[in-house]
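Notes follow the structure.
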Amino acid sequence: MAEPTEKKRIMVVVAHPDDPEFGCAGTVAKWAVQGHDVRYVMITSGDKGTHDPEMTPERIANLREREQEAAAKELGVRRVEFLHHPDGVLEANLSLRRELVLVLRKYQPDTVLTIDPWRHYQLHPDHRAAGVATIDAVISARERLIFPEQLTNGVKPCRVSEVLLFWTDSPDYWVDISDSIERRIAALRKHVSQVGGRADLEERIRQWAQKMGEPQGLAYAEAFKRLVF
Ligand SMILES: [Zn+2]
């Protein structure tokens, strides 16, 4: 199974801060070390992610953006872009698709990682919406007659070669993260507002990665559904 050898542009598009660290950050860390240019796009800033009655949506969003930037730095991600949609009420509508198409056309990624929206019982509406909107954007970004008003000032259509869907129940592509699992755990720990009290965090991450790697004979892996274009 081919892993990127030439330097690639990789974009991770997710609903919330911490989604990449829970889903695909071992792969991100591995590819960043190999010199690939990895960027994150956060559709929301997780502004509903608190049970603290003293916390406001603005304050938790700000805190989570800082946590996400710290996690990205730990992994070698070069840039984090926040689209600032409200958390918890995300819809895969035309407006979000248009926004993601522009991000794709500006960055021109070869590979896009996002959440599998078709996993059975993917109950989180934001996770479903983020996955659908991202895949729809990948398809639309190729066509010069779709959102043609974006194609000015050097912005060109974007042809993504592959999409890797994480949190999938139909995996067909595995990445060996044995050398990067420590950095994934370290990055996840940066999300203090979300995982600060979880003593079993490291053990859980190791168990998930072991389970994903086992059928492939890998100590630790992340599993994806791969769509090739
Ligand atoms: Zn999430």
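Nothing in this text is a laboratory measurement; each read-out follows from the coordinates by a stated rule. This one's a predicted model, so the numbers in the text were calculated from it and none came from an experiment. Every residue, glycine as well, gets a Cβ built from its backbone with ideal geometry; the counts of neighbours run over all protein chains shown.
The charge dipole of the stretch 9-228, taken about the Cα centre with unit charges on the Cβ atoms of Lys, Arg (+1) and Asp, Glu (-1), comes to about 660 debye, rounded to the nearest 20.
For the chain, the Kirkwood estimate of the hydrodynamic radius, built from every pair of different alpha carbons, is 17.8 Å.
Say the cut-off is 30 Å between C-alpha atoms; which of Lys73/Lys225; Lys48/Lys190; Lys8/Lys48; Lys106/Lys211; Lys48/Lys156 go over it? Could the numbers behind the result be given before it?
Details: Lys73/Lys225 26 Å; Lys48/Lys190 18 Å; Lys8/Lys48 34 Å; Lys106/Lys211 37 Å; Lys48/Lys156 35 Å.
Going by Cα-Cα distance, Lys8/Lys48; Lys106/Lys211; Lys48/Lys156 fall outside the 30 Å limit.
The GluC sites (Glu not before Pro) of the stretch 1-62 meeting both criteria, a DSSP state outside H, G, I, E and B (loop) and at most 15 other C-beta atoms within 10 angstrom of the site's C-beta, are Glu6, Glu54. Work out the charge dipole of the chain with +1 on the Cβ of Lys and Arg and -1 on the Cβ of Asp and Glu about the Cα centre, then indicate which of Val101, Leu218, Pro117 is farthest towards its positive end. Toward the positive end, the furthest listed residue is Val101.
Set the Förster radius R0 to 41 Å, insert the Cβ-Cβ distance between Lys156 and Asp52 as r into 1/(1 + (r/R0)^6), and round the FRET efficiency to 0.05. Let's see the in-between values first.
Values: r = 45 Å, r/R0 = 1.10.
The computed FRET efficiency comes out at 0.35.
The residues packed around Ala223, meaning those with a beta-carbon under 12 Å from its beta-carbon, carry a net charge of -2 if Lys and Arg are +1 and Asp and Glu are -1.
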